[in-house]
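The values are calculated or read from the model by the stated rules, or taken from the named source; none is laboratory data. Computed from a predicted model, the values in this text were never measured in an experiment. A quick note on method: Cβ atoms are made from the backbone with ideal geometry, for glycine too, and the neighbour counts reach across all protein chains shown. Each accessible area value is taken on the protein alone, full model and side chains, heavy atoms only, with ligands, DNA and RNA left out. Shrake-Rupley method; radii C 1.70, N 1.55, O 1.52, S 1.80 Å.
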Amino acid sequence: MAESVRRADPSSFVPGAVQQFGSPLSTHAVFLVLRVAAGVDALSRVRGVLADLSGTIKAVAFRDPSATLTCTVGIGSEIWPRLVGTPRPAQLRPFAPIVGEAHTAPATAGDLLFHIRADRADICFEFERQLMDALGDAVITEDETACFRYFDRRDVLGFVDGTANPVGDDIADTVLVGDEDPDHAGGTYIVTQKYLHPLSAWRALPTEAQEAIMGRSKADNIELDDATSGQKAHKTLATIVDDEGVEHDILRDNMPFGRPGAAEFGTYFIGCCRDLWVIQRMLERMFIGDPPGLHDRLLDFSSAVTGSVFFAPRPDVLDGLDDAAPKTPAATTPPPRAADSSLGIGGRS
């Protein structure tokens, strides 16, 4: 049963719905990270809003079905037991900072993630407005980033982003939890990071130098040959192959953002995966280096300023949150931390 649920969800796209994992890339997106306020009343209010979310999004999407509005909700490890009232998904844990010799991936606060997507900015705005009105003072905003599609799905550095995303049936295999955790089958782990780019410094590099860092040609997005030794390109460091030679993918829905008047330019990374170790190893390779000491040179032009981990449950789990108050006691076992030899979770590509 769990396996059939796991494979079914991404097979078709339904506009005006929640938890549409693997839905097409949109023209606009809002990434909203919230912290739940203290108190039982706040938890109850959040639970009710999440349970009603499928109705809220349908009401907004009805105004223009062609805008393909969707919303993915992620729940953090610390709030999960009190909000959902069930044991945490097996791999759900807080984001742990990754400290390299030159760069660090920080961990930042966040209980809830709302990934709002549509092909109209005003539709995103209206849904977010209604959402925040409903949540009221039950939440505190930690980060709110409005993003946009940039030309032919390029980041603000000028390169096409998300080329390696799985397609078709591979999306389910890559993204959705299955029989290994049957109580949470059909859901997915989400890692988010917000990166800022010193765009003037990047643009000062010759195109050939930029391409060597990325591992792809800039104009036509052709993959360049991997380095056989020494410094590896971003493309190579972000490609994860296990000890048996099997390549493991993640699903990215990265979006650029920026405010030229404030000289702020960035990329919001969001990666969905069935197994967190894949993104974990990716980030270790980027920030620590492979071999250690040779970090991803893209990080010299990309500063991570946020880092969070969430689990997005199936739609029916959200719909049922308000059926009964969670029975989990207030004092819960702390979520597992990464082992000392495992430096954390996150990434960008």
Practice problem: Filter the GluC sites (Glu not before Pro) in segment 234-291 to those in DSSP coil with at most 10 other Cβ atoms within 10 Å of their Cβ, and list the result. | Solution: Glu244
Exercise. Mind telling me which of Ala109, Ala262, Ala67 comes out most flexible in a GNM of the chain, alpha-carbon contacts under 10 Å?
Key: Ala262
Exercise. With the full set of protein chains in place, find how many percent of the accessible area of the chain is carbon and sulfur; take the probe as 1.4 Å.
Key: 53
Quiz item: Exactly which chymotrypsin sites (Phe, Trp or Tyr not before Pro) in segment 93-155 are in a DSSP loop and have at most 11 other Cβ atoms within 10 Å?
Solution: Phe151
Quiz item: What whole-number value in Å² describes the accessible area per residue of the chain for a 1.4 Å probe?
Solution: 43
Quiz item: Taking only the alpha carbons of segment 114-161, what extent do you get along each of the three principal axes, in Å, biggest first?
Solution: 40, 22, 11
Self-check item: Long-range amide H partners of Ala37 with built H, under 5 Å
Solution: Val139, Ile140
Quiz item: What residues have an amide H closer than 5 Å to that of Thr104, excluding those fewer than 5 places away on the same chain, when H is modeled at 1.01 Å from N in the peptide plane?
Solution: none
Self-check item: For peptides 306-318, 76-88, sequence by mean Cβ density within 10 Å, most packed first
Solution: 306-318, 76-88
Quiz item: So what is the calculated 222 nm ellipticity per residue for the chain, using -39500 (n - 2.57) for each DSSP H run with n of 4 or more, over all residues, to the nearest 500 deg cm²/dmol?
Solution: -7000 deg cm²/dmol
